[in-house]
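Q: Handing you a structure now.
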2 protein chains.
Amino acid sequence: MQSNPSSTGSESPKAPFVSSFRKDDPLRIGLCGLGTVGKAVINVLQRNADLIAHRAGRPLSIINCASRRYYETDGLDPDIFSGDVLASADRDDVDVIVELIGGTTTAYELVRRAITNGKHVVTANKALLAEHGNELFDLAREHGVVIAFEAAVAGGIPIIKALREGLAGNRIDAIAGIINGTGNFILTEMQREGSDFFDVLAEAQARGYAEADPTFDVEGIDAAHKLALMASIAFGMPLAFERTYTEGISRLTPFDIQHAAQLGYIVKHLGIARRHEGGVELRVHPALVPDWHLLARIDGVLNAVVVHADAVGQTLYCGAGAGGEATASAVIADLVDLARHDGTSTPMLGTLLSKLTDQHCLDINDVESAFYIRLFARDEPGVLASVATILSNEGINIESIMQKESDEQNGLIPIVLLTHRVQESRMNKALASMADLDQIIGEPVRIRVADLLLDHRN
Amino acid sequence: MQSNPSSTGSESPKAPFVSSFRKDDPLRIGLCGLGTVGKAVINVLQRNADLIAHRAGRPLSIINCASRRYYETDGLDPDIFSGDVLASADRDDVDVIVELIGGTTTAYELVRRAITNGKHVVTANKALLAEHGNELFDLAREHGVVIAFEAAVAGGIPIIKALREGLAGNRIDAIAGIINGTGNFILTEMQREGSDFFDVLAEAQARGYAEADPTFDVEGIDAAHKLALMASIAFGMPLAFERTYTEGISRLTPFDIQHAAQLGYIVKHLGIARRHEGGVELRVHPALVPDWHLLARIDGVLNAVVVHADAVGQTLYCGAGAGGEATASAVIADLVDLARHDGTSTPMLGTLLSKLTDQHCLDINDVESAFYIRLFARDEPGVLASVATILSNEGINIESIMQKESDEQNGLIPIVLLTHRVQESRMNKALASMADLDQIIGEPVRIRVADLLLDHRN
């Protein structure tokens with residue numbers, strides 16, 4: 001770990017950060033937060049120090065590690081450790097603050113202070129950016145620094161770089177991703193074992209895949225944070241987390257997961273962003289993915305993102321969506337970018353902030369999908385006819401329908417059907433009418449069918 | 001299409017290209033070669049002109065289009081067309097030459113001339129770089145310009161950027177990719193239809209997926225070009241195309257493809273680069289991929305690359321490996337990078353050229369693999385015992401063995417077996433001994449089993 005304190009000059013809009021590509025001056029890092037990811041960043045930077053310096057053109061040097069909790073210093077020079085996180089942002093000898101403390105309180109204060117002091121910020125904090133990003137990115141521009149956040153979306157998969165740079169020639173039309181490893185682990189286990197949601201959740205918690213309070217993961221909030229970041233880059237719009245429709249997986253049953261499988265679909269929790277003439281869809285919800293599709297094969301804690309763009313067509317990116325070293329890989333990629341060149345030359349959200357254009361976000365009621373519908377009906381004649389009539393009255397076409405033998409437990413007949421695409425509001429009306437039928441017992445279940453497909457079968 | 005001739009200054013090692021990020025000066029492009037990709041670059045740059053300018057921070061402007069053949073100017077200003085390709089490299093009003101003429105003669109001359117004249121080069125030409133890259137990258141460094149080549153590998157998939165930037169914190173250990181769409185189309189059809197190689201090749205030629213002379217594609221030369229580029233970035237070594245082991249797919253039979261499938265494997269044509277303590281493996285050959293693996297699902301003309309790296313683990317990148325607009329997407333990504341910032345700040349091969357370290361490339365005889373072996377034997381007792389004894393004598397363990405009923409056509413018994421990992425030289429000895437057995441008819445068939453796995457089932 002090097003600690004060359006020589007100055008590379010501070011940054012302001014008038015005197016932009018000057019690339020030190022041909023210099024040997026290290027990029028001087030203040031690392032805040034020493035949890036799993038923070039420790040992994042230290043380890044990987046140490047382990048691959050020479051490799052990284054030869055790639056970045058200069059060393060990456062951790063000048064300061066700050067954490068409010070006590071940690072073993074793991075052989076690192078104890079002089080660089082400090083308990084005052086916010087003070088890191090005030091140090092003259094730091095070029096970039098790596099924010100890994102999480103949350104939206106101290107982290108918010110730290111990031112503001114770092115930016116105001118002319119320091120770049122690298123962060124894995126999707127909640128912070130989803131909630132305060134529009135303000136923070138503006139502040140960064142004002143102060144001539146960047147906020148880099150590859151680690152905030154899909155762990156170590158370089159999906160932010162792909163969207164912001166690799167696909168920069170394309171009009172991006174849609175994104176669909178499995179972007180929460182906890183949720184995907186739970187769905188994969190429910191699929192394999194036929195287990196109930198809450199049993200698998202308990203297992204995931206025991207294995208460290210799920211938090212004690214799993215709300216952010218299983219209710220889709222974490223995925224919505226990440227989706228907002230990707231959608232902003234893809235569509236050149238400000239962050240719109242608060243307008244993202246979010247539906248979790250806690251109400252999914254092994255019964256529906258198995259019946260979807262019989263119809264040739266795997267249930268995944270997807271983040272979907274889609275561009276239309278009149279606005280964008282931003283939604284996180286369970287969705288049926290055809291079992292031949294690559295996304296259907298993304299199991300366990302893996303993440304994957306499919307991007308549909310006008311020139312390149314569909315591309316898919318897959319890998320570890322979480323974990324200390326995988327996330328550290330993304331943090332270091334951002335640091336290498338900063339070491340290589342003036343980070344402000346690549347717009348943080350892919351488009352010049354001044355050119356971001358807000359988009360109308362469609363209400364979920366206006367979104368069109370095909371649907372998986374499951375009803376429980378009394379074993380009486382005429383049920384199917386009544387259901388079909390209701391759908392017909394709403395102009396909803398049936399793709400396939402499956403009436404099973406009566407369930408052993410409750411003597412009810414399960415009716416499972418797939419519809420063609422229809423606006424959600426019409427489906428809601430139809431479902432309300434079905435629920436009103438005397439023969440239908442309980443709430444009808446509805447799962448949207450994903451229609452963003454990388455058809456790799458051609 | 002804009003043609004603002006204002007100067008942004010020329011480049012030399014002493015006076016590096018200055019980022020024009022905050023200027024409105026367009027990046028001035030000389031486009032050479034107007035085939036499928038060249039035309040697509042023009043179309044996409046026109047169609048997405050505003051979008052791209054808002055991302056790049058300034059417009060991308062084609063100043064000059066040169067082609068030795070006559071083309072419709074498709075509504076473009078005919079004044080910017082020229083028949084003199086090489087003269088493009090001499091124009092003062094061009095910042096970057098886009099080389100899309102292909103081949104290694106005129107393209108070589110053009111690229112040298114452009115570099116010598118202080119112009120950046122963006123190219124899709126893997127053959128040129130694989131054969132002359134070490135010289136050309138040095139020349140570019142000498143003249144303070146870059147050669148960018150995202151389009152040379154895996155079409156529109158931003159795999160070069162992922163390796164060079166997105167995974168810059170990692171020690172990369174291995175790459176395995178389906179990186180030739182023609183070959184993958186042929187294998188996919190052989191698999192699906194049970195057709196012979198030459199029948200499917202003829203179909204591919206009729207559909208425009210294969211050249212009249214398909215050698216580069218089906219013999220793995222094109223894949224070896226691409227693999228050399230990826231391996232150089234991944235392992236920080238000069239290009240080693242000439243030391244890449246290359247084996248084509250023309251000798252594969254539907255019989256073996258089907259028997260591999262019965263064992264749970266799909267036959268793919270892979271480019272594999274792997275790092276060891278003592279050197280690297282660089283090899284292109286048919287390989288058995290487990291049918292649950294994502295690579296096994298990459299069908300038709302799609303490409304996919306799996307990268308194994310120490311921090312991030314395994315990541316996978318998939319998309320269109322060819323086609324005009326997909327390749328144009330990669331060309332434009334490189335142009336946007338150049339428009340955004342000084343391209344020379346990111347090493348062209350991911351590592352500073354001065355820090356590239358040549359690696360010993362393992363002879364294929366020293367490479368370890370598991371093997372699929374298929375023999376045809378006379379229907380006589382003792383054949384299996386003889387085969388097993390030969391393998392045992394070479395210390396080769398059998399994973400599974402399948403003796404089928406005699407083939408209707410020739411009355412011979414097919415013996416199919418999978419071995420554990422063994423050094424290739426030992427397998428060669430065993431195969432030679434088997435071929436010497438009186439009961440074995442014809443040459444034994446051997447296909448390596450891919451052992452680079454993204455196990456997405458966890």
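The values are calculated or read from the model by the stated rules, or taken from the named source; none is laboratory data. Here the structure is a predicted model, which is why all the values come from computation and not from measurement. Positions of Cβ are backbone-derived with ideal geometry, glycine not excepted, and every protein chain shown enters the neighbour counts.
Q: Taking B:Glu135 as the residue in question, decide whether it is assigned to a helix (DSSP H, G or I), surrounded by fewer than 24 Cβ atoms within 10 Å (Cβ to Cβ), touching a residue at least 40 places away in the same chain (Cβ under 8 Å) and within 23 Å of the chain's Cα centre (by Cα).
A: On the way: assigned to a helix (DSSP H, G or I): yes; surrounded by fewer than 24 Cβ atoms within 10 Å (Cβ to Cβ): yes; touching a residue at least 40 places away in the same chain (Cβ under 8 Å): no; within 23 Å of the chain's Cα centre (by Cα): yes.
In short, no.
Q: If you check A:Leu288 against the conditions, is it more than 9 Å from every other protein chain (Cβ to nearest Cβ) and at pLDDT 95 or above?
A: On the way: more than 9 Å from every other protein chain (Cβ to nearest Cβ): yes; at pLDDT 95 or above: yes.
In short, yes.
Q: OK, next. Of the residues B:Ala176, B:Ala210, B:Ala224, which is away from chain A (no Cβ under 11 Å) and free of Cβ contacts under 8 Å to residues at least 60 places away in the same chain?
A: On the way: B:Ala176 fails: free of Cβ contacts under 8 Å to residues at least 60 places away in the same chain; B:Ala224 fails: free of Cβ contacts under 8 Å to residues at least 60 places away in the same chain.
Only one candidate passes the filter, namely B:Ala210.
Q: Is it true that some residue in region A:68-83 is at pLDDT 95 or above, under 22 Å from A:Lys39 (Cβ atoms) and assigned to a helix (DSSP H, G or I)?
A: Quick first cut of region A:68-83, residues at pLDDT 95 or above only: none.
No, region A:68-83 contains no residue that is at pLDDT 95 or above, under 22 Å from A:Lys39 (Cβ atoms) and assigned to a helix (DSSP H, G or I).
Q: Another question, then. Give the residue that is surrounded by the fewest Cβ atoms within 10 Å (Cβ to Cβ), with candidates limited to residues of region B:250-292 that are closer than 26 Å to B:Ile413 by Cβ and among the β-branched types (Val, Ile, Thr).
A: B:Thr253
Q: Residue under question is B:Ile175, and the condition is that it be within 30 Å of B:Ile332 (Cα to Cα) and part of a helix (DSSP H, G or I); does it hold?
A: Details: within 30 Å of B:Ile332 (Cα to Cα): yes; part of a helix (DSSP H, G or I): no.
Spelling it out, it is not the case that B:Ile175 is within 30 Å of B:Ile332 (Cα to Cα) and part of a helix (DSSP H, G or I).
Q: Output the residue which, of all residues in region B:335-358 that are in contact with a helix residue (DSSP H, G or I) (Cβ under 6 Å, 6 or more places away or on another chain) and surrounded by fewer than 20 Cβ atoms within 10 Å (Cβ to Cβ), is farthest from B:Ile147 (Cα to Cα).
A: Here the answer is B:Lys355.
Q: Of the conditions (1) closer than 19 Å to A:Ala228 by Cβ; (2) at pLDDT 95 or above; (3) within 14 Å of another protein chain (Cβ to nearest Cβ), A:Gly181 fails just one. Which one is it?
A: The single condition A:Gly181 does not satisfy is (2).
Q: If we keep just the residues of region B:377-415 that are acidic (Asp, Glu), at pLDDT 85 or above and surrounded by 12 or more Cβ atoms within 10 Å (Cβ to Cβ), which is nearest to B:Ala430 (Cα to Cα)? So that I can check it myself, show each step before the final result.
A: The initial filter retains those residues of region B:377-415 that are acidic (Asp, Glu), namely B:379-380, B:394, B:399, B:405, B:407-408.
Those left that are additionally at pLDDT 85 or above: B:379-380, B:394, B:399.
The next check asks that each one be surrounded by 12 or more Cβ atoms within 10 Å (Cβ to Cβ); those that pass are B:379, B:394, B:399.
On the way: B:Asp379: 21, B:Glu394: 7, B:Glu399: 16 Å.
Checked region B:377-415; the qualifying residue nearest to B:Ala430 (Cα to Cα) is B:Glu394.
Q: For residues that are more than 8 Å from chain B (Cβ to nearest Cβ) and within 25 Å of A:Gly102 (Cα to Cα), tally how many sit in region A:36-59. Walk me through it before giving the result.
A: Quick first cut of region A:36-59, residues more than 8 Å from chain B (Cβ to nearest Cβ) only: A:36-39, A:41-43, A:46, A:49-50, A:53, A:58-59.
Now restrict to residues that are within 25 Å of A:Gly102 (Cα to Cα): A:36-39, A:41-43, A:46.
The qualifying residues number 8.
Q: Another question about this same structure. Among the residues of region A:344-358, write down those that are among the hydroxyl-bearing types (Ser, Thr, Tyr) and in a loop (DSSP other than H, G, I, E, B).
A: Narrowing region A:344-358 to residues among the hydroxyl-bearing types (Ser, Thr, Tyr): A:344-346, A:351, A:354, A:357.
Across region A:344-358, the qualifying residues are A:Thr346, A:Thr351, A:Thr357.
Q: Of all residues in region B:335-352 being closer than 22 Å to B:Ala228 by Cβ and more than 7 Å from every other protein chain (Cβ to nearest Cβ), which is farthest from the chain's Cα centre (by Cα)?
A: Here the answer is B:Gly343.
Q: Among the residues of region A:115-128, write down those that are free of Cβ contacts under 8 Å to residues at least 60 places away in the same chain and assigned to a helix (DSSP H, G or I).
A: Within region A:115-128, A:Ile115, A:Thr116, A:Leu128 qualify.
Q: Given the structure, is B:Ala124 under 28 Å from the mean Cα position of the chain (by Cα), assigned by TED's automatic domain parsing to the domain that holds B:Val145, closer than 30 Å to B:Leu356 by Cβ and surrounded by 24 or more Cβ atoms within 10 Å (Cβ to Cβ)?
A: On the way: under 28 Å from the mean Cα position of the chain (by Cα): yes; assigned by TED's automatic domain parsing to the domain that holds B:Val145: yes; closer than 30 Å to B:Leu356 by Cβ: yes; surrounded by 24 or more Cβ atoms within 10 Å (Cβ to Cβ): yes.
Spelling it out, B:Ala124 is indeed under 28 Å from the mean Cα position of the chain (by Cα), assigned by TED's automatic domain parsing to the domain that holds B:Val145, closer than 30 Å to B:Leu356 by Cβ and surrounded by 24 or more Cβ atoms within 10 Å (Cβ to Cβ).
Q: I'd like the full set of residues that are more than 18 Å from A:Ala162 (Cβ to Cβ) and either at the interface with chain B (Cβ under 7 Å from one of its Cβ atoms) or assigned to a helix (DSSP H, G or I) (or both), limited to region A:316-334.
A: Just the residues of region A:316-334 that are more than 18 Å from A:Ala162 (Cβ to Cβ), to begin with: A:322-325, A:328.
If the condition is that a residue be more than 18 Å from A:Ala162 (Cβ to Cβ) and either at the interface with chain B (Cβ under 7 Å from one of its Cβ atoms) or assigned to a helix (DSSP H, G or I) (or both), then A:Gly324, A:Glu325, A:Ala328 are the ones that fit.
Q: Quickly run through region B:87-107 and pick out the residues that are surrounded by 18 or more Cβ atoms within 10 Å (Cβ to Cβ) and over 15 Å from B:Val37 (Cβ atoms).
A: Correct list: B:Ser88, B:Ala89, B:Arg91, B:Val94, B:Asp95, B:Val96.
Q: I'd like to verify a number: residues in region A:378-435 that are part of a loop (DSSP other than H, G, I, E, B) and of a type in the set (Lys, Arg), how many? Working first, answer last.
A: Restricting attention to region A:378-435, the residues satisfying the condition of being part of a loop (DSSP other than H, G, I, E, B) are A:378-382, A:394-397, A:404-412, A:420-421.
Add one more test, that the residue is of a type in the set (Lys, Arg), and what stays is A:378, A:404, A:421.
Going through region A:378-435 one residue at a time, the tally reaches 3.
Q: Can you name the helices (runs of 4 or more DSSP H) wholly within region A:180-272 that have at least 2 residues being within 30 Å of A:Asp358 (Cβ to Cβ)?
A: Details: elements: A:181-193, A:197-206, A:215-218, A:221-235, A:254-262.
The helices (runs of 4 or more DSSP H) meeting that bar are A:215-218, A:221-235.
Q: Looking for something in contact with a Gly (Cβ under 8 Å, 6 or more places away or on another chain) and surrounded by fewer than 24 Cβ atoms within 10 Å (Cβ to Cβ) - is there at least one such residue anywhere in region B:204-212? Even if it seems obvious, please write down each step before you answer.
A: The initial filter retains those residues of region B:204-212 that are in contact with a Gly (Cβ under 8 Å, 6 or more places away or on another chain), namely B:209.
Of the ones still in play, those that are also surrounded by fewer than 24 Cβ atoms within 10 Å (Cβ to Cβ) are B:209.
Yes, region B:204-212 has at least one match.
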